[in-house]
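One structure is given below, encoded as structure tokens.
The values are calculated or read from the model by the stated rules, or taken from the named source; none is laboratory data. Just so it is clear, the structure is predicted and the values come from calculations on it, not from any experiment. A quick note on method: Cβ atoms are made from the backbone with ideal geometry, for glycine too, and the neighbour counts reach across all protein chains shown. For the accessible areas, the whole protein counts, side chains as well, though only heavy atoms, and no ligand, DNA or RNA atoms are used. Shrake-Rupley method; radii C 1.70, N 1.55, O 1.52, S 1.80 Å.
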Amino acid sequence: MNPDEVRRINREGWDRRVEEGDVWTVPVSPEEIARARGGDWAVVLTPNKPVPRDWFGEVSGRDILCLASGGGQQGPILSAAGARVTVFDASPRQLAQDETVARRDGLSLATRLGFMHDLSAFGDAVFDLIFHPVSNSYAPDIEPVWHECHRVLRPGGALLAAFMNPMVYVFDAEAEARGDLIVRHALPFADVIHRTAKDLERVIATDHTVEFSHTLESQIGGQLRAGFHLTDLYEDVDRGPPERGRSLFFPTCMATRAVKG
């Protein structure tokens, strides 16, 4: 499957997830926006842990790119906290969630449609911070993502990024849904390469999207090769009870803070 077809499937898949009310597509409430305007706010890069506030520094008046971060959640909160926010996402329906919150709560927030590997809509050194939640598992190649992030950040700007632990992709998905962890796949794993045609059809029908595991070398090493300096990292687990499933045994995702020198 070529990259353009992958991007089409994932764009349409996230549009479908909006229709189905996926947890990452549900906009924040007016009450949350009001609290953020008063300085009481938190956002997540991963399912559970709030991002440390010192990862942001001063937010008010700064130019922030919420990259592959539609859904009416993080962007509106950061806008209410005083940032100049642009939400960039591949899904029109996800961006519509941000636009809905902005209209509802009188926020000044811009949205741009596009894929995370191509930020040509923006000039060089135009953002102070990039907020990039877990999402690059939907991109076939992430090295261009890190290089584009480095290009559009100002010197000293920070990239806050999250991604899946590659280990989550070794397990048989159907067995995992039953509560059994059975190692099946070698890494790196890609739905479109390593599944049979019948299995891939099933995955797209149920999940609506296709994913790529990527390596820690490309996730963390890729940021370093793009010119970033890593300053901090934390791990998280899946949303839901940690006493069952893969989260019982290892962290399923992680977040990094890196700075452009």
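Computed extension gain for PHE250 through ILE193, at 0.36 nm per residue and net of the alpha carbon distance, reaches 18.0 nm.
Computed from backbone phi with θ = phi - 60° and the Karplus coefficients 6.51, -1.76 and 1.60, the 3J(HN,Hα) list for the range 183-195 is 5, 10, 10, 7, 10, x, 10, 9, 3, 6, 9, 9, 8 Hz; x is used for glycine and proline. Counting only protein heavy atoms and a probe of 1.4 Å, the accessible surface of the chain is 53% carbon and sulfur. Available extension along the chain between ARG184 and GLU5 is 61.9 nm, counting 0.36 nm per residue and deducting the alpha carbon span. Convex hull volume of the C-alpha atoms in the range 100-240, normalised per residue: 162 Å³. Both radii come from the Cα set of the range 29-112: Rg as radius of gyration, Rh as Kirkwood radius; their ratio Rg/Rh reads 0.93.
Its residue count N fixes a reference of 2.2 N^0.38 Å for the range 41-167, and the Cα radius of gyration divided by that reference is 0.97. Per residue, the accessible area of the range 1-136 comes to 42 Å² when a 1.4 Å probe rolls over the protein heavy atoms. Between the C-alpha center of the range 178-203 and that of the range 122-177 there is a gap of 22 Å. Looking at LEU109, TRP146, CYS66, which one has the Cα that reaches farthest to the positive end of the dipole of the chain (charges on Cβ: Lys, Arg +1; Asp, Glu -1)? Projecting each Cα onto the dipole axis, the largest value belongs to LEU109. Summing Lys and Arg as +1 and Asp and Glu as -1 over all other residues whose Cβ lies under 12 Å from the Cβ of ASN10 gives a net charge of -3.
Think of it as helices only: each DSSP H run of n ≥ 4 in the chain is worth -39500 (n - 2.57), and spread over all residues that comes to -9000 deg cm²/dmol at 222 nm. Looking at the range 186-238, the pairs of alpha carbons with a distance over 15 Å make up 62% of the total. The GNM of the chain, with springs linking C-alpha atoms under 10 angstrom apart, assigns the highest mean-square fluctuation among ALA121, ALA190, ALA36 to ALA121. When the chain is treated as a Gaussian network with alpha carbon springs shorter than 10 Å, the biggest mean-square fluctuation among LEU78, LEU113, LEU159 belongs to LEU113. Gain on full extension, evaluated as 0.36 nm per residue between VAL170 and GLU201 minus their Cα-Cα distance, stands at 9.2 nm. For the range 1-78, the fraction of C-alpha pairs farther apart than 17 angstrom is 56 percent. Computed from Cα atoms alone, the Kirkwood hydrodynamic radius reported for the chain is 18.8 Å. Would you mind getting the Kirkwood hydrodynamic radius of the range 68-128 from its Cα pairs, rounded to one decimal in Å? Answer for the range 68-128: a Kirkwood hydrodynamic radius of 11.7 Å.
Count Lys and Arg as plus one, Asp and Glu as minus one, and take only other residues whose Cβ is under 15 Å from that of PHE228; the net charge is then 0.
Inter-label distance, LEU230 to VAL126: 3.0 nm, where each label sits 7 Å from its Cα along the C-beta direction.
Net charge of the neighbourhood of PRO47, taken over other residues with C-beta under 9 Å away and scored Lys/Arg +1, Asp/Glu -1, is 0. Loop-located GluC sites (Glu not before Pro) in the range 187-261 (DSSP state not H, G, I, E or B) with no more than 11 neighbouring Cβ atoms inside 10 Å: GLU243.
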